[in-house]
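One structure is given below, encoded as structure tokens.
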Amino acid sequence: MPIKEGEKIPTVTLKTVDMKDITTDDLFGGKKVVLFAVPGAFTPTCSEQHLPGFVEKADEIRAKGVDDIVCVSVNDAFVMKAWAKDRGAEGKVTMIADGNGDLAKALGLDFDGSGIGFGVRSQRYAAIVENGVVTKLAVEKPMKFEVSSADAILEAL
């Protein structure tokens, strides 16, 4: 079952772009965070629309009382670091590697992309998380990009 609004993000250990362990408790505890997930770094919609929207709107989002903007993908930390640099996300969006898909699975928001050579990936979604609890969750339908954009999250804030 996918996580629902009002539920706490499960405790999972992930990696920063510097290969340091970070838990979801560290990422979300005592803060208001916008979390968004993409199926893969450097993929077309993720690179051309999803991440750039949050990079461009980072100041507006933070002005709404948001402490951090976190992007997570089922990629390794080295890929996430290169993607952040390539897309100008450094200092605007915290890039987090969910290399094994542990967070995607714990949230019930994983999918099997083996048919196209992706393996297990995260669904595309965005959430507002307050002190570790999901207060807004917008999960995209497969192959869509409508409800999880930076503009949609700004409206929800």
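Charges only on Cβ, +1 for Lys and Arg, -1 for Asp and Glu: so what's the dipole of the range 106-157 about the Cα centre, in debye to the nearest 20?
Numbers: 5 positive and 7 negative charges, 24 e Å.
About 120 debye.
Placing +1 at every Lys and Arg Cβ and -1 at every Asp and Glu Cβ, with all other atoms neutral, what dipole size does the range 31-157 have around its Cα centre, in debye to the nearest 20?
For this selection, approximately 60 debye.
Over the chain, average the accessible area per residue using a 1.4 Å probe and give it in Å², no decimals.
On the way: 7530 Å² over 157 residues.
That works out to 48 Å² per residue.
What is the chain's relative contact order, in percent, from Cα pairs under 8 angstrom and six or more apart in sequence?
Working: 328 pairs, mean separation 50.0, N = 157.
The value is 32 percent.
Quick one: which residues, 5+ away or cross-chain, put their amide H under 5 Å from the amide H of residue 120? H built at 1.01 Å from N.
113
Using a 1.4 angstrom probe on heavy atoms only, work out the carbon and sulfur share of the accessible area of the range 1-124 in %.
Details: 2900 of 5830 Å².
Of the solvent-accessible surface of the range 1-124, carbon and sulfur hold 50 percent.
With θ taken as phi - 60° and the coefficients 6.51, -1.76 and 1.60, list the Karplus ³J(HN,Hα) couplings across the range 141-153 in order, rounded to whole Hz; mark glycine and proline as x.
The phi angles translate into 6, x, 6, 10, 9, 9, 9, 10, 6, 4, 4, 5, 5 Hz.
Expressed in whole Å with the largest first, what are the equivalent ellipsoid semi-axes of the chain derived from the C-alpha gyration tensor as the square root of 5 times each eigenvalue? Intermediate results must be reported in sequence, preceding the final value.
On the way: eigenvalues 77, 61, 54 Å².
Over the Cα atoms of the chain, the semi-axes work out to 20, 18, 16 Å.
Round to a whole angstrom and tell me the spacing of the C-alpha centers of the range 36-54 and the range 90-157.
Result: 10 Å between the Cα centres.
The values are calculated or read from the model by the stated rules, or taken from the named source; none is laboratory data. Remember, predicted model here, so these are calculated numbers, not experimental data. Virtual Cβ from ideal backbone geometry, glycine too; neighbours counted across all protein chains shown. Areas reflect the complete protein model, heavy atoms only, side chains present, ligands, DNA and RNA absent. Shrake-Rupley method; radii C 1.70, N 1.55, O 1.52, S 1.80 Å.
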